[in-house]
1. In region 2-10, is there at least one residue being in a helix (DSSP H, G or I) and open to solvent by 90 Å² or more (accessible area, probe 1.4 Å)?
2. Which condition from (1) out of contact with any His (no Cβ under 7 Å at 6 or more places or on another chain); (2) touching a residue at least 12 places away in the same chain (Cβ under 8 Å) is the one that Ile43 breaks?
3. Identify all residues within region 52-88 that are more than 14 Å from Ser42 (Cβ to Cβ), in contact (Cβ under 8 Å) with a residue 24 or more places away in the chain and surrounded by fewer than 19 Cβ atoms within 10 Å (Cβ to Cβ); write none if there are none.
4. Out of the residues in region 11-25 meeting the condition of being part of a loop (DSSP other than H, G, I, E, B) and of a type in the set (Val, Ile, Thr), tell me which one is surrounded by the most Cβ atoms within 10 Å (Cβ to Cβ).
5. Taking the condition of being within 14 Å of Leu82 (Cβ to Cβ) and part of a helix (DSSP H, G or I), how many residues in region 26-60 meet it?
6. Every residue in region 61-78 that is of a type in the set (D, E, K, R), modelled with pLDDT of 85 or more and either outside any strand (DSSP E or B) or closer than 25 Å to Glu11 by Cα (or both), please.
7. Residue by residue through region 1-29, note down the ones that are of a type in the set (Lys, Arg) and more than 16 Å from Asn58 (Cβ to Cβ).
8. Residue under question is Val20, and the condition is that it be on the phi < 0 side of the Ramachandran plot and touching a helix residue (DSSP H, G or I) at 6+ places or on another chain (Cβ under 8 Å); does it hold?
Amino acid sequence: MNLTISGHHLEVTPALRDYVTTKLDRITRHFDQVVDVRVLLSIDNTSDKDRRQRAECNIRVKGSDIHAESNQQDMYAAIDDLMDKLDRQIIRHKDKLTTHNSEAQRRMIQEMQQQ
């Protein structure tokens, strides 16, 4: 798995880097076919001062790309929210793959029994 963590208007400290990698372990625990992960941590200069901290992530997995983003008051809260969103998307993607595979196997078994 390739992991890229970058910052925009923000220095990515070792503490932030470690926090992101420990949170990403939850994603790889659910789905091990992750190819590439790109995390962008940034501080937006918006009029809404409460949601300036932004975390976004692009994950390339076998079969598709998954994207999520989160804006919060605190960077760690933004990372937590981002990982929750990614976790739900990864579980949904894995369910789709296993459902598709089980249906194909079921059809193959039925065809073999008919012959």
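1. Pass one, region 2-10, residues in a helix (DSSP H, G or I): none.
No, there is no match, as no residue in region 2-10 is in a helix (DSSP H, G or I) and open to solvent by 90 Å² or more (accessible area, probe 1.4 Å).
2. So Ile43 meets the others, but not (1).
3. Once the filter is applied, which keeps residues that are more than 14 Å from Ser42 (Cβ to Cβ), in contact (Cβ under 8 Å) with a residue 24 or more places away in the chain and surrounded by fewer than 19 Cβ atoms within 10 Å (Cβ to Cβ), region 52-88 yields Arg60, Lys62, Gly63, Ser64, Tyr76, Ala77, Asp80, Asp81, Asp87.
4. Initially, region 11-25 is screened for residues part of a loop (DSSP other than H, G, I, E, B), giving 11-13.
Pick out the ones that are also of a type in the set (Val, Ile, Thr) and you get 12-13.
On the way: Val12: 15, Thr13: 11.
Checked region 11-25; the qualifying residue surrounded by the most Cβ atoms within 10 Å (Cβ to Cβ) is Val12.
5. Keep residues of region 26-60 that are within 14 Å of Leu82 (Cβ to Cβ), which gives 26-27, 37-42, 51, 53-59.
Filter again for part of a helix (DSSP H, G or I), leaving 26-27, 51.
Number of matching residues: 3.
6. Going through region 61-78, the residues of a type in the set (D, E, K, R) turn out to be 62, 65, 69, 74.
Now restrict to residues that are modelled with pLDDT of 85 or more: 65, 69, 74.
If the condition is that a residue be of a type in the set (D, E, K, R), modelled with pLDDT of 85 or more and either outside any strand (DSSP E or B) or closer than 25 Å to Glu11 by Cα (or both), then Glu69, Asp74 are the ones that fit.
7. Restricting attention to region 1-29, the residues satisfying the condition of being of a type in the set (Lys, Arg) are 17, 23, 26, 29.
Passing the criteria: Arg17, Arg26, Arg29.
8. Values: on the phi < 0 side of the Ramachandran plot: yes; touching a helix residue (DSSP H, G or I) at 6+ places or on another chain (Cβ under 8 Å): yes.
The answer is yes for Val20.
The values are calculated or read from the model by the stated rules, or taken from the named source; none is laboratory data. This structure is a prediction, so every number in the text was calculated from the model and none was measured. All Cβ positions, even for glycine, are placed from backbone atoms using ideal geometry, and neighbour counts span all protein chains on display. Areas reflect the complete protein model, heavy atoms only, side chains present, ligands, DNA and RNA absent. Shrake-Rupley method; radii C 1.70, N 1.55, O 1.52, S 1.80 Å.
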